[in-house]
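Please read the structure below before turning to the comments.
Each value in this text was obtained by applying a stated rule to the coordinates, not by laboratory testing. Keep in mind that what you see is a predicted model, and the values were worked out from it rather than measured. Note that each Cβ is placed from the backbone with ideal geometry, even for glycine, and that neighbours are counted across all protein chains shown.
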Amino acid sequence: MMETLIDRIMEICTLQKNKKIKKKLHDLLIQYEFKKINHGETHPDILEKTNMFLMTKKMEGLSEKTLVNYRKTIQDFGAYIEKPVNQITSGDIRKWLSSRSELKMSTIRYYISVLRTFFDYLIIEELIIVDPTRKIKLPKLEQRIPKALSIDELENLREGCYTLREKALLEVFYASGCRLAEIYNLDRSDIDWHERCFSVIGKGNKERVVFIGARAAHVIKNYLNSRKDTEKALFVTERGKSRRLSQRSIHYIFKKVAARAPISKNIHPHIFRHTMATTMVNHGAKLEDVQALLGHSSPNTTQVYARVSLERKKQAYNQHFVN
C-alpha cells in the first residue's frame, strides 16, 4: 500500500517535471505509515479515540452493557462518516441520523446522547477544538403513558401463579419496583429481613436501597424455605443442578403466568415497576420519594406517573368539585 501510494505521487511529480519536489515528497512520505480506508469501514482514528474513550468510561464505573452499546453506536457512525474525528461536522452527524430515519425517536435521541458524550470527552482531552454535536438538538419524544396493571389485573396474575417461585418473583418485582437486571443479580444474603429491604446496583452503577412489604417478604421466605440447594442466588433454576435463574427465563415465567390469567396486556417484568410507581403516586406518595425508590436520575422521568395518574385525578375531582 505504501509503495503504491508513493509510486502514484512520484508519477504525478514526474509529469510536473520537478525533481526537487519529487525528492522532497519521497523523503517526507517514507517517514509515515499509510492505510487505505475501504468504504464502509470505521476510520482508524475513530477506532483509536473510541478505545481511549471507552477505557476512561470503564474506569468511571460504567457497566459492560453500556460500554458495548457505546462502541456499537460510535463505530456505526464512524463507518458511515469515514473521517478522522477532527474533520467531523454537524452536517455529517445530521446525514448519519437521517440515514437512520426508520428508527424510533427514542433510539435517535440515544444515538445523539452517545455522540455528545463521546465528543465531550474529546473536547476535555483537547483532542478536538470544536464539538460538532453542539448544534444538534434532541428531537422531542411523544410522551407515552407507562402501562401499569390495575388492582384486578394484579390479582388475576397472582391467581395465575402456581409455584412458590412464580409467586415470589411476582411479589418481589411488584413490591420493590426493581429492574430485571437488579432482581437477577440478587443473592439470598442481600435481604435484610428485619427492615424488609435490600440494596441493588442500578443504572450508572448507582446503589440504592429498596423495600418489600410484609406480603412479599412472607412469599419469598416460603420459596427459600422450600429449596434444598446451596446456591447463593435468590432465584434459581428448578431442573438439574441449581444455578442462577437467567433474565430470559424470568421473562418466560411471567409469560407463562400471564397465559393462565384472563388478562390482555403484555406482561413482562418492567410492567410491575410501572405498577408499583403508579400505585404509590395514587396513594399520595411524594414524587421525590418515588424517584429515590425507583432510582431515576432525573425527576422528569418520575413526573410522568403524576401526569397520567387517572385514579388520582378522579379522586381529586370527586373530592373538590361542587355540583
Note: probe point = Cα of LYS147 + 7 Å toward Cβ; backbone nitrogen < 18 Å; residues of the stretch 169-201 passing the test are 174, 180
Per DSSP, the loop-located trypsin sites (Lys or Arg not before Pro) within the stretch 96-192 having at most 16 other beta carbons within 10 Å are ARG100, LYS104, ARG134, LYS135, LYS137, LYS140, ARG144, LYS147
Too long for a 18 Å Cα-Cα cut-off, among LYS147/LYS265; LYS58/LYS203; LYS65/LYS255, are LYS65/LYS255
With the 8 Å Cα cutoff and a minimum separation of six or more residues, the stretch 37-141 has a relative contact order in percent of 30
Going fewest to most other Cβ atoms within 10 Å around each Cβ, TRP96, TRP193 line up as TRP193, TRP96
Expressed in angstrom and rounded, the centroid-to-centroid distance over alpha carbons for the stretch 72-146 and the stretch 227-252 is 40
Here the FRET efficiency for LEU47 versus TYR110, based on Cβ atoms and R0 = 22 Å and rounded to 0.05, is 0.55
